[in-house]
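The values are calculated or read from the model by the stated rules, or taken from the named source; none is laboratory data. Just so we're clear, the structure is a prediction, and the values are computed from it rather than from any experiment. Ideal geometry is used to build each Cβ from the backbone, glycine not excepted, and the neighbour counts take in all protein chains shown.
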Amino acid sequence: MKNEKVFTLAEGATQRICTRTERSEFVQVSKTTLLLTVHNPRHVALQHNKRKIAFTLAEVLITLGIIGVVAALTIPTLVQNYKKKEYSTRLKKFYSMMSQAIKLSEVDNGPASEWIPVATENDEEGLQKYWDTYFAQYLKNPPKVYSYVNKWNQTQICYVLSDGIKYCIGRPSLGSPFQFGVNVYMKNNFDKATAGVDCFNFLLTKSGKFIPYSWDSQALALNSGLEKGEEKFTEDFTDRKNVLRMCEKDSSFCTQLLYLDGWEFKDDYPHKL
C-alpha cells in the first residue's frame with residue numbers, strides 16, 4: 001500500500017524510525033508488528049491515536065457572520081426578481097383579459113368607438129353603469145371593493161379579481177382622447193401606490209383600442225422640463241429609447257415600456273419595485 005511501512009520488532013523494543021524524506025520519531029512498541037501510515041507532507045501518525053476535531057465558539061460566530069453577510073447581499077436581489085416575475089405575469093394576463101373582453105363586448109354592444117362614454121370625471125353612478133354595460137359580464141367581474149376620489153378630483157371604482165389582480169377604473173380628464181383609464185395595482189393601498197412601481201396605467205381610446213398609458217400631449221409636455229441640450233421627447237411610442245426616457249421622467253409611461261419589452265422588467269428598468 002502506498003505511503004505505508006510495516007516493521008517487525010521484538011516485543012517491548014524501542015525502534016528509531018528515520019528516512020531521508022520523513023521526520024524522525026521514537027515509537028514505543030508493545031506489539032510484535034506495527035503498521036504506520038505516512039501522511040504527506042512528512043507526517044507520521046499512529047492509526048490508534050486520532051485527534052477529535054471540534055469548532056470553537058469564535059469559529060461558529062465567524063461562520064454565522066459570513067452567512068448573515070451573504071444573506072443580506074442576496075435576499076434583496078431574490079425578492080426583486082420574484083416581484084418582477086409576479087408583476088410581469090399579472091400585467092400580461094390583465095392586458096390579455098381586457099383586450100379579449102372588449103372583443104366579446106363589441107359582438108353584443110357594437111364597436112367600442114360608439115360606446116356611450118361617462119359624462120363627467122366624478123360621476124360614480126355613470127361610471128358604474130358604463131362598466132356594467134360594456135365590461136362586467138365579460139370579465140366575470142366581482143362586486144366593487146370601494147370607490148374614492150383621487151387627487152385630480154376623479155372618481156375611481158376599484159375591484160379585485162378572483163386571482164388577486166386589483167384595479168381601479170375612472171374617467172380621464174374631459175377633453176382627453178380616451179373613454180376611460182384603468183390602473184392595475186400590485187398592493188392593497190390603492191390611493192398610496194406609485195406609478196411604475198406598484199401601479200400600472202392603461203387607457204381605452206375613443207377609437208376603441210385598449211392600450212398602455214401613452215398620451216401624446218402628456219409626452220410632449222415633458223419637454224418643458226428638459227435641461228439645455230437634452231434630447232427632446234417625441235410622440236413615437238414604439239421607440240424604446242424614447243419611451244425609456246419617458247419612464248424615467250414620468251413613471252406613468254412605464255407601462256408602455258413594459259409593453260414594448262413583452263411585459264418583462266429589463267435590467268435597465270429605471271425604478272426599483
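Tabulated data for the structure shown
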item	result
Qualifying residue in the range 256-265 (condition: over 28 Å from TRP131 (Cα atoms), of a type in the set (Asp, Glu) and touching a residue at least 60 places away in the same chain (Cβ under 8 Å))	yes
Residue list for the range 215-273, filter: aliphatic (A, V, I, L, M) and either assigned to a helix (DSSP H, G or I) or modelled with pLDDT of 90 or more (or both)	ALA219, LEU220, ALA221, LEU222, VAL243, LEU244, MET246, LEU257, LEU258, LEU260
Residue check for PHE200: surrounded by 12 or more Cβ atoms within 10 Å (Cβ to Cβ), in contact (Cβ under 8 Å) with a residue 60 or more places away in the chain and of a type outside the set (Ser, Thr, Tyr)	yes
The range 161-197, subset at pLDDT below 85 and of a type in the set (A, V, I, L, M), residue surrounded by the fewest Cβ atoms within 10 Å (Cβ to Cβ)	LEU174
So LYS84, is it surrounded by fewer than 16 Cβ atoms within 10 Å (Cβ to Cβ) and either part of a helix (DSSP H, G or I) or at pLDDT 90 or above (or both)	yes
